[in-house]
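Right, one structure below, let's go through it.
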Amino acid sequence: IVYQFFFFIIAASFKFDKVTDFAGGSNFALVAISTLALGGTYYLRQVLVSFAVVLWAVRLSGYLLIRILKTGKDSRFDSMQRGFSWE
């Protein structure tokens, strides 16, 4: 929750959505690593699945971040009203 809130603060403060997809994708890696570490057991299957999730999350987050940096905006959010304000 703190991880997502951190990215929300960035997005709300600077009023842009460039980090939204990166935060969502990289959250999968954080959860995979956390659950493996907190599980206390490290069977080969658990390590391999966690590694696969981390690889997938890095690929997804990287792709989405590069795409938004190249295009400059995310048209999926164009039709949504921006109602949040710090004021």
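The values are calculated or read from the model by the stated rules, or taken from the named source; none is laboratory data. It should be emphasised that the depicted structure is a prediction, and the values quoted were computed from it without experimental measurement. Positions of Cβ are generated from backbone atoms using ideal geometry, with glycine treated the same way; all protein chains shown enter the neighbour counts. The protein model used for the area step is the full one, side chains on, heavy atoms only, and it has no ligands, DNA or RNA in it. Shrake-Rupley method; radii C 1.70, N 1.55, O 1.52, S 1.80 Å.
Points to keep in mind about this one:
- Top-ranked residue of segment 1-50 - restricted to ones that are hydroxyl-bearing (Ser, Thr, Tyr) and assigned to a helix (DSSP H, G or I), ranked as most open to solvent (accessible area, probe 1.4 Å): Thr35
- For the condition open to solvent by less than 90 Å² (accessible area, probe 1.4 Å) and farther than 22 Å from Phe6 by Cβ, Gly72 qualifies.
- Number of residues in segment 1-55 that are closer than 27 Å to Arg67 by Cα, among the polar types (S, T, N, Q) and modelled with pLDDT under 95 equals 5.
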